[in-house]
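Working notes for the structure below.
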Amino acid sequence: MILLTQVTNDQLVTQLQNGVTLMLLGMGTVLVFLVVLIFVTKGLSSIVKKIEAKRPQVAPVVASSSSSLNAAPKVSADAEIAAAIAAAVAKSRE
């Protein structure tokens with residue numbers, strides 16, 4: 001009976017050691033992945049900034065005063081979204 005208890009305690013200690021080893025291995029893997037992810041993100045960000053700096057700037061188009069009188073009034077994006085939502089609700093109620 002005492003021998004059975006001794007074997008069980010040894011197995012428990014072995015399993016706990018294996019569990020701690022697995023936990024540390026998993027946490028280390030996640031840490032390495034996150035560090036690599038940070039460096040890759042910073043590297044890609046600097047590449048995009050360099051590409052954007054070389055890209056020529058486009059001047060905004062300025063409408064003449066005569067064409068703006070004939071043009072339809074501008075609708076804000078919020079008004080367009082509200083109209084789309086209202087149309088969707090009306091369609092769903094049919």
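The values are calculated or read from the model by the stated rules, or taken from the named source; none is laboratory data. Quick caveat, the model's predicted, so the values are computed rather than measured.
In summary, LYS74 fulfils each of the numbered conditions (1) at pLDDT below 95; (2) assigned to a helix (DSSP H, G or I) with the single exception of condition (2).
Of all the residues in the stretch 1-58, those that are outside any helix (DSSP H, G or I) and either at pLDDT 95 or above or among the β-branched types (Val, Ile, Thr) (or both) number 1.
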